[in-house]
Each structure stands twice: as structure tokens, then as C-alpha cells.
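Below is one structure, written out as C-alpha cells; the observations come after it.
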Amino acid sequence: MIKKYTNFAVIALIIIFMIFFSKITGLYVDWLFFNEVMFMDVFNKTLISQLITGALFGLIGFLFVFINIMITFRLPIPPVDIMFFGVARFTIDFKGLTRFLKILGLIFSLLIGLFSITWGSNVWNQALIFINAINTNTIDPIFYNDIGFYLFKLPFLKILNNFAGFIIFTTLCTVIVLYIIRGSVLLKNTRVFVVDYAKKHLSILGMLFIFKLALGFYLDTFDILYSPQGVVFGAGYADVYGKLIALRILVFITVISAIVFAIAIITGRNILVLYVVGGILGFYLLGVVIYPSLLQNLRVTPNELAMERPFIEHHIKFTRFGYDLTGVMVRPFDVSYNLTLRDIQKNQATINNIRLWDETPLYKTFAQLQQIRTYYKFNGIDNDRYTINGKYRQVMLAARELSYGDLPSRSWINEKLVFTHGNGVAMSYVNSITKEGLPEFIIKDIPPVSSTDIRITQPEIYYGEMPDDYVIVNTKIPEFNYPTAEGNKYISYKGTGGVKLDSFFKRILFSMFFKSAKIVLSTEITDDSRIIYNRNVITRIQKIAPFLMLDSDPYIVISKEGKLFWIIDAYTVSEMMPYSKPLKNRINYMRNPAKIVVDAYNGTIDIYLTDLKDPVISVYKKIFPSLFKDTNSMSSDLKEHIRYPKDFFKVQSSMFGIYHMEDPKTFYNKEDLWEIPIHGEKKIEPYYLIMKFPDEIKEEYVLLLPYTPAKRDNLAAWFAARCDGNNYGKLMVYTFPRDRLVFGPRQIDARIDQDSYISQQLTLWGQRGSQVIRGRLIIIPVEKSLLYIQPLYLATEDKGGLPELRRVIMAYENEVVMEEDLEACLNRLFSGRRHILTTEKKPMPVIKDIKELSKEAMKVFERAKEFQKQGNWAGYGEELKRLETILKEMTTK
């Protein structure tokens, strides 16, 4: 038996050692990573904070439990004589049992200590926030505390309260069990007998536990600010004048009850113990649960608006504050339909950048035309703007990353030493198309070839959205760079990313960490080799700043030097903003205070602050001063590519559709509720575009989303976030007049479907075996008018479903047209005026002489004959009308 327990102990020690060694190995690997990215002070402060909080929690937990267990053994148990059937007599000596129980108590205390260490080390972040808390200069309307108390202090106070409750309750239960085993607590004839020294001990522990309940009830008073029960989220009339008063009385009752409980235990008046427990429970049910409910139903509900009015005001105010909506500028947009040729020319930058390519069809096209090899993948399409050949242009681009799952031969050498990086990007204008209906690439192929002044000088992508495992560079085996007709090209890494494997010790540790003996055994690895890990940009950032929530869409940027960088938006969030309506994930405070830049080649990380007014990021800056940089230190070429994040804008637009109603009565009755319109089967997504705001001089990059009234299809307003220069982050809402109809997406869709020519064409294409893909409808404000644009794609079976942009549908006022390109649509809508230039590369010249008119007439005649062959008589008639117009013009020459 002893041998069995010895073997068990040895196995347990081995397991503990392996866990400990694994933790140490992981810690050393993290230390090397933080040293690589030059954030050692962040690592040190985080580690020291975890050690201190873990040690404090562990020491308190161990000592409290162990001391109380030892107190139960302060008096020895005398030997007990036992008679069996009046014949045999045995004497039981409890010394051996006491020694065993003490050892067991020590082990139990150590386990509680270890659990407490884990608890404490996991709350290091909340502890640092508590210590470095600041005021926000915004006061809550019920307790008159600064909002900083709820954001920074209350969460840690609740953690301490929960920890104290766990330790005291665990200790109390353990001590009761020990006293029962030792015979200090006996049950005879339904009565409990407790020896005097045990009474004092249990009375103190019981009193501490009830004091802890009183503290919990006090902290619960602040929870009314997060009450979901009333007409709005947050404290309502019944919470403030019912539940809050009851909780405050309950705190007083509980404190008195703790003293009475201790006296009752010591004096042996057990009935008082029942009265104490029953009194606390009874008052809680009556005062905290039942009374507020009665108050709500009998007094508040019949006069709800009048009685809840101030609390609705609080809810609106703090929800707008929670989602950074207090600065939204609301202006009227008196829509008119008197757009002229001169207006179009004034907004030429907007017209030249109308987006015709949607992300989904463009992704398929990029994938088939520009992935080049099966082991390259585009993770998604990014939308950005660049100054190209002196013109401000909106583009769509995608990074060509390496997909390890698609390598032709998946060996350790291929995956870790040879195929180490992606290569370059593919880029096209948002509206340019070839005659085949495909995007016109600005940058394409491997190595990247550019047709403009944008150049990529360092196309290798070692860090991106797709990599999730380590690679080793600068080995004896050259790295694959890209394929050519003559053969593959190879390179050697020249960057600063990764950790040098310059010692056998490091190779052993990394081998253990990544569970691969090949790192130690491989003869291809030299002292100059570098192991690159944490290559996924999201994982990389979360390692150094786990307290920031990251945007779901990192986007690639080309600097003026031709280097590639990733930009990721970072958010500060909290669940502790009073009165603010929470999202599904319980977050009710959100800001976008930081832009994070990751070098795609070297892996360096820079966190730039764009919103210094955010109190949460101010606290983190106080904790980690070296982690953050001022936006002014960002290079100007990268700063030009900062954009307002879609994820945050979607949250804000959803909230503003409700909380633009600042009048409590209007809000209560939901008289002016806005919704994000439905197009197809989904809500319209916010979209980036280059446009000029009313009364502004210059076009700018904007994130825009329209609103419709609740359960209506017409437009109510449009919401825009500015992205450029000093206007970055400004939110604008333009509201449409209520006394006239402004078409919404569904109404435009219905008008498109009702157009006989368009519906005929769609049916004809469908019958020919082509898949007709109707793109996203976008609404573009131009001056005081609106243009509605919807691209039309065809995907043919013989080309593997490659989407081709074949038609553009445009609506303006009561007219809907469909043409081959945007230019033709504008000319149709503004007929009788001279042609409009819509592209930089292929402008339509103004027709001046007979020769040019005759060429145009021939083109129209050929299109008419084609329509006639197809049986498309509507199209045939349209072309005849055009031909008649041209012939009449020729007669005047």
C-alpha cells in the first residue's frame, strides 16, 4: 500500500514539474517576443503585476484558511472509552487522527492558496486600472459619483468582494466539518450542542460572512444603474424609490444582524440565529424583490411617461456618451432634383470614384486572376484611397498571402523553411473595367507590376491575416520568393523580425514550446537563423495589448517608400457605463482611440492614439506610458490612409437610429425611429466613397450609411463619418424633409424590376445560362441630389463563374437607366447636354464634326442590329432613337 501511494506521489510531482516547466518555457518565449518588438517594460510590468496580485491573493487565501484550521486543533481531544455489549472495552486516542487532519488541513490550505494565486494573477489588469483610475468629469445622476468610479474602481471592488466571500465561506464550512469530526459540535435530539471555544470561533467567522453580505448589498446598490427591468436600461423610478431604499436599509439590517448572530452563537440562543437568517432573507424578498415590482405595476405603469421622464433623459444622455455620439452634427438635406451638367463637373472627383465593384464578386475575380498559384490566397478585399498620378482615387486591394494548407508538398522543411511569406498585393480602381468586364489592375502579378506611380519595393509579407504558425528564416535552404517562366526565384530574409536561434539552449526551448524536435535536430538551421512566430497581426497585437478589442478587418497599406504595412483599429470597451444601452455582448461603452500599424516585413508594432479624450485609453497610457505614441509621430503617408472603422460605425449607426431622439416623449413613443434599410435579404452595410459634403469645397473619403423610418421604405437621413485630415472622426447626419418622398433602396429596387427593358434583359441573360448578379445598391449625395447606382455582373459557366461587370443601373429622380458603363448612364440621364467625363483613362471626346458623328452613328446601328438578332425590341427601339438624334445633328453640320 505504501509503495502504491509513493508511486502516485512521484507521478503527481512529475506532472506538477511538467506543468511548471511548460509555464516557464512559455514565459521565456514570451520574454523573447517582447524583447523582439521592444516592449520589455510592458512585459515586466504585466509580469510583476501578475506576481504581486497572485501572491497577495494566494497569501491571504492560504493564511486565512490555514490559521482557522489550526485554531480548531488548539485544544486536544481526550481519549474516549467505548463499551461493546457491556463486555469488551476499547479506548480511542485521537492523537493520530489529529496529526492526519492537520496534514490534510495543510494540503487543503495550499490548494486554496494555489487557487487564489490563479484568481489573483488573472485580475492584474483590473488591479492596475483600480490603482491608476482617473476622473472623467462626468457625474452619474443618482449617486453623484464620477463615471470613472464605475469604469475603473467598481469592477475590482466586486472582485475583492467575491474573493472575500469565497474564502470566508470555504473556511466556515471547513471549520464546521473539523469541529464535527473532533466532537466539538454535536447533534442530540434535534438540538445542536457546541463547545465554548468552538462557539467563539464559529461566531467570528459567521459574523465576518454576514459583514461580507452587507458589503455585497452595498455594492448592489450601484447595480440599479444597470437595471434592465424598466422602460429603459438603467435605474427607473421603481429602482430609485423602491429597490435602492430597500438595499440601503438591508445594509444596515445586515450589519446589525452580524453582531446579533455572533452574540446568539456565543450565548447559545440558537433561535436568534434563525431569526437573523430569516430576517435578512425575508427583508430581501419583501423590500428588494416584491416592493419594487408592486411600485412599478401599481404606481409607475399607469403614469409611466410622467414618472420615468427624468430617467429616460439619463438613459438617452449616457447611451449617446457611451457610444461617442454626443458630437454628431445634424443638418437638413433639402433634397432637390435640379442637378445640372455644371453640378456634375463640379463634383468630378465624386463621379470618377463611384464604386462599381462589390467586395464579393471582386474577390472572386481577384482570386481567379491574381492568386497566380494555388498556395497564394487573398483573405479579403480592402477599400482605401491613394493619390495616383496626382489624382485622388478610391481603390480596392488585397494582400497575396501564403496558404500553407494549399502547398503542393506539405513537409516540415517546406512549411517552416522554404515557403515563409506571401508576396505583394493586387489593386484596382473601384470603377474601372476592361472591355471584357474585368477590373483594370493598377498593381498586379508577382513580382508586383504597377501601371501608375505607386510602386512596391518590398513585397514580401511575413506578417499578415493568415499566418498562424512559426517559420525559420536565414537557414542553409533558400526561401521561395515567387515563380517565373524560367524557374523559381529565391531570397534570404534581411529584416529584423523574429528571434535569433544563436544558442542550442534557445533551440531546445523553442523545440519544446512548439512541440517539434526538428528545430533541434535540423542541420539546416545556423546561428544566424531567425524563428518568426506570432505572425498573425491580430495575435501579435493581442500579445502586447490584451486589454484592447481589435477590429475584424485589418487592411494593407502601401507606403510612399513602397513598403507594406497593416493598419488595425483598436477599441476600448466596458460593460460598466451607467444607463448606457448594452450590446448583445453586454458592452455599453466603446471608443476607437488607437490605430495600430504592423510592418508586414519586420513585424514591428506601433500604437498611435487618435482620441486622447477617451478616459479608458488615458488610464492605460498611465499604466503603460511607453506602449502608445502620439498620432503626430506617425509618418504622413501612413496617416493619409487612416479611415473610420466599419465595425464601430455599424454600432454607432445602429444606436443613433434610436438615440437621435433626445426628447423623452418622442423617445418613449418611438415617434421618429430610424432603421438601417434592407437591400436584398440583408441590412445595407456602410460603404466608403469619395464625395463632397454640401457647402464644402473639396471631396473627401467618407464612410456612409442611409436610414429609413421604422417600417417604411423611403429615406429618412444619411449618416457619414469623415476620414480625412483634421476632419477625421467627425460624424455628420443629414436629414431629409418629411413632407416629400425620397426613394429608399427597396423602392429603387422595385422601380428597377418594373422597368420593362431591364427586366427583359435580365430574363434574357438568365435564359442563356448566365448567372445574373445584382450588386449592392449605393446612394451617392451629389450637391442637393441623390444618385442611386447598382452594378450588374454576369458569371458564365464556361469561365468558371468569373464575375464580369457588364451593366450599370442608375436612378435619378423618376428615371432609371441601364447602360454598359457609368458614363453612358450619366449621358442618358442628362441627355441634351455634352458628354460627361467619368474615367481618367478613357474620356469620351466631345463630338464636333461629321466624321466623328458618322462613326458614332455606325456604332449605334451595329448595336441596334445586335438587339434585333436577340429579339430585344425594346433595346432595338432605344438604339433607333439614338440613331435618329445623331442623324439630325449631322444635318446641322
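If packing is taken as the average count of other Cβ atoms within 10 Å, what order do 369-379, 303-313, 202-212, 100-110 fall into, highest mean first?
Output ranking for 369-379, 303-313, 202-212, 100-110: 202-212, 369-379, 303-313, 100-110.
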Given Cα pairs under 8 Å that are at least 6 residues apart, what percent is the relative contact order of the chain? 10
Ordering 534-541, 279-286 by per-residue average of other C-beta atoms within 10 angstrom, highest first, gives 534-541, 279-286
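Normalised by the number of residues in segment 164-253, what is the relative contact order in percent for Cα pairs under 8 Å and 6+ residues apart?
Relative contact order, segment 164-253: 23 percent.
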Between the alpha-carbon centers of segment 294-358 and segment 721-759, tell me the distance in whole angstrom. 14
Under a 5 Å amide H to amide H cut-off, with H placed in plane at 1.01 Å, what residues pair with VAL335 once short-range neighbours are removed? none
Per residue, how much accessible surface does segment 337-493 expose to a 1.4 Å probe? Answer in Å², no decimals. 37
Distant-in-sequence amide H partners of TYR376 (H built 1.01 Å from N, under 5 Å): SER403
Express in nm, to one decimal, how much length is gained between SER636 and LYS560 on full extension, taking 0.36 nm for each residue of separation and deducting their alpha carbon distance. 26.4 nm
Roughly how many nanometres apart are two label points built 7 Å out from the Cα toward the Cβ at LYS613 and ILE245? 3.9
Expected vector for segment 527-538, Karplus 3J(HN,Hα) from phi with 6.51, -1.76, 1.60 and θ = phi - 60°, integer Hz, x for Gly and Pro, equals 5, 8, 5, 10, 9, 9, 9, 6, 7, 6, 5, 5
State the Cα centre-to-centre distance between segment 416-475 and segment 612-671 in whole Å. 31
What percentage of the solvent-accessible surface of the chain, computed with a 1.4 Å probe over protein heavy atoms, is contributed by carbon and sulfur atoms? 59
Projected convex hull area of segment 511-593, Cα atoms, direction-averaged, in nm², equals 9.5
Rounded to the nearest 0.05, what FRET efficiency do ASN389 and ASN726 have when you use their Cβ-Cβ distance and R0 = 30 Å? 0.75
Would you mind calculating the relative contact order of segment 361-428 from Cα pairs under 8 angstrom and at least 6 residues apart, reporting the percent as a whole number? 31
Where the centre of each part is set by its Cα atoms, how far does segment 498-558 sit from segment 34-76, in angstrom? 30
At a 10 angstrom cut-off on C-beta neighbours, averaged per residue, how do the peptides 244-250, 450-456 rank from highest to lowest? 244-250, 450-456
Expected 222 nm ellipticity per residue - DSSP helices of 4 or more, -39500 (n - 2.57), all of the chain, to 500: -13500 deg cm²/dmol
Please give the FRET efficiency for ILE491 paired with ARG455, using the beta carbon to beta carbon distance and R0 = 22 Å, rounded to the nearest 0.05. 0.75
Can you compute the modelled spin-label distance between ILE103 and ALA367, with each label point 7 Å from Cα toward Cβ, in nm? 6.5
Let me understand the chain better: what is its radius of gyration from the alpha carbons, and its Dmax, in angstrom? 36.1, 141
Charge tally in the Cβ shell below 14 Å around LEU160, where Lys, Arg are +1 and Asp, Glu are -1, LEU160 excluded: +3
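The values are calculated or read from the model by the stated rules, or taken from the named source; none is laboratory data. Please read all numbers here as calculations on a predicted model, not as lab measurements. Because the Cβ atoms are built from the backbone with ideal geometry, glycine has one as well, and the counts that use them run over all protein chains shown. Surface accessibility is based on the protein's heavy atoms, side chains included, excluding ligands, DNA and RNA. Shrake-Rupley method; radii C 1.70, N 1.55, O 1.52, S 1.80 Å.
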